[in-house]
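Working notes, structure below.
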Amino acid sequence: VVFHSEIRRGLAKIGQTRLFRGRRNFPDPGVIDRLSQSAFLLSRDGIGAILLIEREMGLEELVEIGKRIDAVFSHELTAAIFATSSPVHDGAAVIRGNRIAAAGIILPIPAESVETLGMGTRHRAAFGVAAETDAVAVVVSEETGNVTIFSNRSASRVETVQQLRDTLGLLFRMEVTPSEGI
């Protein structure tokens, strides 16, 4: 119990090694563009969200505890998931490739630390996932409307759709061009 987080982190690192890696299932540039637009539309409407984007490690453990969806990513579906009238709105959603794999995932909240000082519950939960896995988390604050991206034990606030699109493009090593709207 004392070393639970250290053991988990060690196993996660083992899973990141080339020997254990599976096939990449990253979102394509169109999904990155739609996700970026969607985050700011949710922000505009005062809807909070945690969007976890899988990378090499996978988030199957989290998908198993959520409500499986396995549907093509769209803003309409994302808005429906995070609408306050939705029974899964308080949890996170996992984006696997071009699909929403699951939603309503209640994430563990890491203990308060120097990195999480002053963060709300949603942001701390996203930081915890980004610290223990290679996933990227996009968080929309219900209270402030701020959009924050978490990756590799760091957080950075993004101000525009283009900035989020560019940051995600760098993290997934692709060039993302804006589309004509959602």
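The values are calculated or read from the model by the stated rules, or taken from the named source; none is laboratory data. Since the structure is predicted, the reported quantities are computational estimates derived from the model, not experimental observations. Heads up, the Cβs are rebuilt from the backbone with ideal geometry, glycines too, and the neighbour counts pull from every protein chain shown. Ligands, DNA and RNA are excluded from the accessible area calculation, which covers all protein heavy atoms including side chains. Shrake-Rupley method; radii C 1.70, N 1.55, O 1.52, S 1.80 Å.
Evaluate the following for ASP134: is it outside any helix (DSSP H, G or I) and of a type outside the set (Phe, Trp, Tyr)? In short, yes. Go through the residues of the stretch 94-106 one by one and say whether even a single one is at pLDDT 95 or above, closer than 14 Å to ALA39 by Cα and charged (D, E, K, R). There is no residue in the stretch 94-106 that is at pLDDT 95 or above, closer than 14 Å to ALA39 by Cα and charged (D, E, K, R). Each residue in the stretch 122-154 was checked for being open to solvent by 40 Å² or more (accessible area, probe 1.4 Å) and without any contact (Cβ under 8 Å) to a residue 40 or more places away in the chain, and 5 pass. Within the stretch 134-180, if we keep just the residues that are β-branched (Val, Ile, Thr) and more than 11 Å from the chain's Cα centre (by Cα), the residue that is modelled with the lowest pLDDT turns out to be VAL176. Of all the residues in the stretch 151-173, those that are in contact with a helix residue (DSSP H, G or I) (Cβ under 9 Å, 6 or more places away or on another chain) and on the phi > 0 side of the Ramachandran plot number 2. The single condition from (1) more than 23 Å from PHE40 (Cβ to Cβ); (2) touching a helix residue (DSSP H, G or I) at 6+ places or on another chain (Cβ under 6 Å) that GLY145 fails is (1).
Residues checked against (1) at pLDDT below 60; (2) of a type in the set (Lys, Arg); (3) open to solvent by less than 90 Å² (accessible area, probe 1.4 Å):
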| site | (1), (2), (3) |
| --- | --- |
| ARG18 | yes, yes, no |
| PHE26 | no, no, yes |
| LEU35 | no, no, yes |
| ALA39 | no, no, yes |
| ASP45 | no, no, yes |
| GLY48 | no, no, yes |
| GLU61 | no, no, no |
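Taking the criterion of being under 14 Å from the mean Cα position of the chain (by Cα) and of a type in the set (Gly, Ala, Ser), the residues of the stretch 33-57 that qualify are SER36, SER38, ALA39, GLY48, ALA49.
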